[in-house]
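Each remark here refers to the structure printed beneath this line.
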Amino acid sequence: MGGSPRIPTFRDYVRARLPTLAVPCARAASHVYECTGEVRQVTKETPYILGTPLPTYEGGQAKQITFVVTQNCNMACRYCYITHKNQRSRMSFEVARRAVDLFLSQNYPQPSVVWDFIGGEPLLEIELVDEICDYIKVESYRRRHKWHDRYMFMFSTNGILYDDPRVQRFITKNHPRLSIGITIDGTERKHNLNRVYPDGRGSYRDVVRNVRLWLQQFPSAHTKVTFASQDLPYLKESIIHLWELGLRHIPANVVFEDVWQEGDDLVLEQQLRELADYVIENRLWNEVNCTFFGESLGFPNTEESLKSNWCGAGLMVAVDHQGLLYPCIRFMDYSLNRRRGYVLGDIEQGIDPDKLRPFVALSLVTQSPQECIDCEVASGCAWCQGWNYDSADTPTIYQRATYICRMHKARVRANEYYWARLGARTAIQRKNVGQRRRHLYILAAGDAVTHCGYRNPNRDATPISPEILQQGLEFARRHFYRPVLLHSVSGPRLDLPEGFCALHIVSSRSPHPAQGDIVVHDNEVGPAGPCDTAILLVSRASLHRLNEMVQGVLAKARRVNVMLEDVGGFGEEDLKRYEEQLRLIAEHLLALFRGGERKEVSVLTDRLDLTRPEDCEAGAHSLTLAPNGKLYICPAFYYRDPSSAVGDPWQGVDPALVETCHRRKAPLCLDCGAYHCRRCLFDGEVRTLQRNVPSRMQCVVSHTELKVTAWLSRELSALGVPQRSEIVVDALDPLETLPTFRRIASSA
């Protein structure tokens, strides 16, 4: 999808100067932090392969053109999406020639092309394919076409005919420009469950006998493995078997169709966890690959992903034996069960631009239910546009099928287990973890460190019980919350069982903070050593020292999250003093910037990079597990009133109660431009009696911060640092901009 070029931001400059550090994609407002311990450390001695994207020709930028040379097949695979195979529909060379002429006459923007041949079984028509390929080479050279030396021929085959002399002559003739994938589904019993001949016989042995020759000719070849309900119990052994056959890269997926039974997700998760154990115990992560795992799997949607489409239908083109053109083969009659073929044009007239328009406009948002748009683990969840079309309630391509939802979530849980175990045993740490929105704060002891604008009055260092901790971790795993441990101020550090990964927040008075810990400084600089991210708790009594304290912490940290205590209780003198101190901090940041240092202070620099609000999201996207085994909106609610629990790890939370915590239920916050504002629900409930309505001083403090940020933005712009937009402060209290307020004020 096109769009305006991305404008560099303040955080981009930070990244440019500090390439080895992970930049917090979190703000003090959202209580999400990322630190140096989250950076994936991979050296030449420990290369990393498992879960990395498979290489594609020219980075996937080539135009893909598919010829369905036959709808016949020498097999009858039980899970095949091509449900109407037949021996009649065979492409003639004349149709293929006219199709090639059409494609070479178009002004496609792609600098290269993949000519893809498929069936049925394409090797049944290898002589026709050979003739088509010869014509492509000669004609593209004769036309001096840009693709004449930038092309690949691609095949997906069942492998039965691979050693046929005609096939081998074709391979020898075209090898440098050839990519062939043979489908092997795993072990013999797994493969033969689905990949059978028309008489029901399994095809495993006939396929595997050609694997050695195939890998000799294509050492980097990979096989695509598909799993359905009945063969899930053989997943682990099948992936291992394929690795042992010499196939290092295994693209694998579950079917999109409505085939899943109750409990299948549990089977998938268990099989993947066992596969993860096998990889780690045998130290195979730098030798083999499988797409069931991945660093970018299981995060919320980004602004970019919401605008994009997973499937490439419409960007590619497929041609059938009649010369009709389709978005891809899944839109052809022979693979549809409820709909007619979706024809875009033909080889005489080309593609009708109006019929292509719906595919160009497709995005995740326009075809997905709200549940998918808001999904906490959306990334990596795939769909097939053709299957969407065939299974939709009406003949639309704008209705996404979600039959794999439970299976995707099972895959995400197993993937997180893998990364947690790998990180515990090696220096390889998963990156991008800070993208996760949901957080479960776990009070590791009665005197758990204060990390926000509340105060923990408890001085009892008794740790949370192992049973309650395990229940909380299981709740986090099931519901995709990232554990955040608030460690004891005076007691020992709490370690997690292997297989769980968490953020750790410790006091600056802790004797030995670990690398990657978030360090809390309580109204002091504190003795803690260098860290990436620090939290500075500031009381009203110490406001006059804010600049001094921030500079002291910045000397040891790259980022400081400023947390003000009792914001709602500020007076006008407190506000004035706060603004004066913020001005001094902004001047210090500017001086550091001029000297080549890029540092961040949450209340001033976050707004420079934000394009939408990011608050603490307590209740809506974060919960707190207290030592009593109950769940709370945030620690402040627990410390004020332990009876205010909203649920427990086994029963979960009341959706109606949590709904009141969402920003969409905060009328004063919906259109507010102070995107960095903490929007403290606890302060709102105490001072306005409604947790979704902030107190006046909470709004005024946030907009005071915004005023100073606007000044900093202008100064950075003068130094040549591009700014996303001009920061405008219309009023210190957004209530004053509402018509109702104006009417009440005027009548008073």
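The values are calculated or read from the model by the stated rules, or taken from the named source; none is laboratory data. All values reported here derive from a predicted model rather than from experimental measurement. Cβ atoms come from the backbone with ideal geometry, glycine included; neighbour counts cover every protein chain shown. Note: accessible area is taken over every heavy atom of the protein model, side chains too, but ligands, DNA and RNA are not part of it. Shrake-Rupley method; radii C 1.70, N 1.55, O 1.52, S 1.80 Å.
A few comments on the model shown:
- Each peptide in 238-251, 716-729 gets a packing score, the mean of other Cβ atoms within 10 Å over its residues, and the list from highest to lowest is 238-251, 716-729.
- The share of C-alpha pairs in the range 347-422 whose separation exceeds 17 Å stands at 57 percent.
- Additional length obtainable on full extension of the chain from ASP495 to ARG425, 0.36 nm per residue less Cα span: 23.8 nm
- Here the convex hull built on the C-alpha positions of the range 300-388 has a volume of 98 cubic angstrom per residue.
- Förster-model FRET efficiency, 30 Å R0, ARG142 and GLN322, C-beta, rounded to 0.05: 0.65
- Along each principal axis, taking the top coordinate minus the bottom one, the Cα set of the range 425-578 gives 49, 31, 29 Å in descending order.
- Counting only protein chain heavy atoms and rolling a 1.4 Å probe, the accessible areas of TYR81, TYR632 rank, largest first, as TYR81, TYR632.
- Rounded percent of accessible protein surface that carbon and sulfur make up, the range 682-740, 1.4 Å probe: 51 percent
- The Kirkwood radius of the chain, taken over pairs of alpha-carbon atoms, gives through the Stokes-Einstein law at 25 °C and 0.890 mPa s a diffusion coefficient of 85 µm² s⁻¹.
- Accessible area expressed per residue, the chain, with surrounding protein chains retained (probe 1.4 Å, Å²): 43 Å²
- Whether the range 590-748 is rounded, prolate or oblate, judged on the alpha carbon gyration tensor where a/c under 1.5 counts as rounded: oblate
- Positive-pole candidate from PRO300, VAL267, ASN286, dipole of the range 220-326, charges at beta carbon: ASN286
- Computed FRET value (nearest 0.05) for GLN110 with ARG205, which takes r as the C-beta separation and R₀ as 41 Å: 0.50
- Distance between the range 215-286 and the range 375-399 - C-alpha centres, whole angstrom: 24 Å
- Estimated FRET transfer efficiency when R0 is 35 angstrom, pair GLN349-GLN61 (beta carbons, to 0.05): 0.80
- Loop-resident GluC sites (Glu not before Pro) (DSSP state other than H, G, I, E or B) in the range 596-670 with no more than 11 further Cβ atoms inside 10 Å of their Cβ are absent.
- In Å, descending, principal axis extents of the Cα set of the range 310-444: 69, 31, 25
- Spin-label model distance (nm) - GLU244 vs GLU467, 7 Å beyond Cα toward Cβ: 4.3 nm
- Flagged links, alpha-carbon separation over 24 Å, of LYS146/LYS355; LYS146/LYS173; LYS431/LYS707; LYS236/LYS307: LYS146/LYS355; LYS431/LYS707; LYS236/LYS307
- Calculated P(r) tail over 23 Å for the range 598-681, as whole % of Cα pairs: 33 percent
- Normalised alpha carbon radius of gyration of the range 538-666 [divisor 2.2 N^0.38 Å]: 1.32
- Among the GluC sites (Glu not before Pro) in the range 288-363, those placed in a DSSP loop whose Cβ has at most 15 other Cβ atoms within 10 Å are GLU348.
- Computed on the Cα trace of the range 369-480, the radius of gyration divided by the Kirkwood hydrodynamic radius gives Rg/Rh = 1.12.
- Within the accessible area of the range 346-403 (1.4 Å probe), percent carbon and sulfur: 52 percent
- Excluding same-chain neighbours fewer than eight residues apart, the aspartates and glutamates reachable from LYS63 by a Cα-Cα span under 13 Å are ASP116.
- Calculated on the alpha-carbon coordinates, the convex hull of the range 229-320 measures out at 180 cubic angstrom per residue.
- From its DSSP helices (H runs of at least four residues, each -39,500 (n - 2.57)), the chain gives a residue-normalised ellipticity at 222 nm of -10000 deg cm²/dmol.
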